[in-house]
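The values are calculated or read from the model by the stated rules, or taken from the named source; none is laboratory data. Quick caveat: nothing in here was measured; it's all calculated off a predicted structure. Neighbour counts are summed over all protein chains in view; Cβ atoms, including those assigned to glycine, are modelled from backbone coordinates with ideal geometry. Side chains are part of the model used for accessible areas, which takes the heavy atoms of the whole protein and leaves out ligands, DNA and RNA. Shrake-Rupley method; radii C 1.70, N 1.55, O 1.52, S 1.80 Å.
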Amino acid sequence: MKKNILVTGGTGFLGSALSIRLVDLGHNVTVFDNNSRGSVSKIESILDKINYIEGDIRNIDDVKNAIGNCDTIFHLSFVNGTKFFYENPGLVLEVGLKGALNTLDCAKSSGLDTYIMASSSEVYNQPTIIPTNETERAIITDIKNPRFSYAGGKLISEILTMNYLKDTKIRNLIFRPHNVFGPNMGFEHVIPDLLKKIFIASDGWVSKKCEIKIQGTGDETRAFCYVSDAVDQLICLMENGKKDELYNIGMQKEKTIKSLIQDISNILSIEINIDISEVLSGSTSRRCPDITKIKSIGYEETDNYYTGLENTILWYKNYYSESFK
């Protein structure tokens with residue numbers, strides 16, 4: 001069934017991939033963003049097929065204009081990236097909280113059918129169980145640490161989503177993505193950061209052996225999910241998700257940073273040695289989602305990690321080569 005769908009943050013990494021898939025499925029899509037971190041170039045292939053609105057999620061009039069006759073919202077607008085958490089926590093919170101309130105207020109007044117909010121695996125902080133399911137406690141361990149501006153903003157947005165729409169017929173859903181990656185994903189995340197270090201240390205991919213400094217020992221873990229697999233899960237969530245429920249999005253495959261670096265080494269044919277260091281305060285040593293719940297509503301698991309890593313490396317290899325000429 002064709003839907004009228006608003007994607008806030010739709011020129012960002014995940015938002016643009018989702019918007020393209022929604023158009024491919026035949027839905028009417030409105031993309032809303034101010035391009036502070038995203039780019040219209042990411043949705044260039046569908047610009048003639050969508051309603052694109054440039055606006056500020058903090059401005060409720062802009063949000064009202066964007067929602068129009070939409071029956072479904074994917075609310076993805078947020079300021080992501082570890083650098084921003086530490087350097088501009090006030091902006092992270094302002095965009096997060098005003099964005100949640102504005103989209104929820106507009107959802108209530110517009111007769112919306114479905115409201116889907118993007119949260120984060122950061123709300124688990126240091127999980128007590130790996131793989132981690134959705135019943136795990138959400139926690140902020142240190143309100144003085146600016147890193148938690150992001151997790152705190154996401155957690156408050158979750159509480160707002162669950163309670164603001166409680167007495168409405170709107171189907172409210174929350175998803176917590178885990179380390180989604182792919183080409184053109186930005187530069188503040190682990191994979192592009194590693195690739196930049198390797199580019200510099202290998203003299204522009206020339207040397208077949210190099211050394212890079214990493215945060216931590218390399219034994220820290222994440223569960224990397226290629227963006228196309230994440231979008232598959234989001235489509236399943238939109239079609240089959242239950243009201244008032246939370247769902248992990250990601251791959252249930254825990255991987256050490258050392259093994260990630262080895263995979264990158266194999267693809268680049270560069271021997272990479274690592275120099276360890278302390279991790280930033282508030283960082284998580286292990287992360288891996290239990291995706292049983294999203295599978296229970298119809299998601300058929302695929303895992304394009306290695307092919308996705310090859311695609312991602314190729315994109316950043318070309319980008320850094322061109323940027324540092």
If we ask which residues in the stretch 21-40 are out of contact with any strand residue (DSSP E or B) (no Cβ under 9 Å at 6 or more places or on another chain), within 17 Å of Ser77 (Cα to Cα) and part of a helix (DSSP H, G or I), their number turns out to be 0
Looking for something part of a helix (DSSP H, G or I), in contact with a strand residue (DSSP E or B) (Cβ under 7 Å, 6 or more places away or on another chain) and open to solvent by 10 Å² or more (accessible area, probe 1.4 Å) - is there at least one such residue anywhere in the stretch 93-116? no
Can you find even one residue in the stretch 60-70 that is touching a Gly at 6+ places or on another chain (Cβ under 6 Å) and closer than 30 Å to Pro146 by Cα? yes
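Of Ile57, Ile5, which residue is in contact with a strand residue (DSSP E or B) (Cβ under 8 Å, 6 or more places away or on another chain), under 19 Å from Arg171 (Cα atoms) and outside any helix (DSSP H, G or I)?
Ile5
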Among (1) farther than 28 Å from Glu188 by Cα; (2) open to solvent by less than 60 Å² (accessible area, probe 1.4 Å), Ile20 falls short only on (1)
Looking only at the stretch 272-300, count how many residues are closer than 28 Å to Tyr247 by Cβ, modelled with pLDDT of 95 or more and of a type in the set (Val, Ile, Thr). 4
Which of the residues that make up the stretch 38-62 are of a type in the set (A, V, I, L, M) and either closer than 16 Å to Gly15 by Cα or in contact with a His (Cβ under 7 Å, 6 or more places away or on another chain) (or both)? Val40, Ile43, Ile46, Leu47, Ile50, Ile53, Ile57
Considering each residue of the stretch 195-226, count those that are of a type in the set (A, V, I, L, M, F, W, C) and closer than 14 Å to Tyr319 by Cβ, and give that number. 5
Are there any pairs with C-beta distances below 6 angstrom linking a residue in the stretch 3-14 that is under 17 Å from Glu44 (Cα atoms) to a residue that is of a type in the set (D, E, K, R) and in a helix (DSSP H, G or I), with the two at least 6 apart or on different chains, and if so which? Thr11/Lys42
Members of the stretch 254-276 found to be in contact (Cβ under 8 Å) with a residue 60 or more places away in the chain and open to solvent by less than 40 Å² (accessible area, probe 1.4 Å), listed by number: Ile257, Leu260, Ile261, Ile264, Leu268, Ile270, Ile272
If the requirement is being touching a residue at least 60 places away in the same chain (Cβ under 8 Å) and outside any helix (DSSP H, G or I), which of these qualifies: Thr168, Thr161? Thr168
For Pro131, which of the numbered conditions (1) open to solvent by less than 40 Å² (accessible area, probe 1.4 Å); (2) more than 25 Å from Ser16 (Cα to Cα); (3) not aliphatic (A, V, I, L, M) fails to hold? (1)
In contact (Cβ under 8 Å) with a residue 40 or more places away in the chain, assigned to a strand (DSSP E or B) and either on the phi < 0 side of the Ramachandran plot or of a type in the set (D, E, K, R) (or both), is that true of Tyr247? yes
Report, by residue number, each residue of the stretch 172-200 that is out of contact with any Lys or Arg (no Cβ under 9 Å at 6 or more places or on another chain) and in a helix (DSSP H, G or I). Ile191, Pro192, Asp193, Leu194, Lys196, Ile198, Ile200
Every listed condition ((1) in contact (Cβ under 8 Å) with a residue 60 or more places away in the chain; (2) open to solvent by less than 40 Å² (accessible area, probe 1.4 Å)) holds for Thr141 save (2)
If you take the residues of the stretch 215-225 that are open to solvent by 30 Å² or more (accessible area, probe 1.4 Å) and either touching a helix residue (DSSP H, G or I) at 6+ places or on another chain (Cβ under 8 Å) or of a type in the set (Ser, Thr, Tyr) (or both), which of them is nearest to Leu22 (Cα to Cα)? Arg222
Among the residues of the stretch 76-85, is any charged (D, E, K, R) and either at pLDDT 95 or above or more than 16 Å from the chain's Cα centre (by Cα) (or both)? no
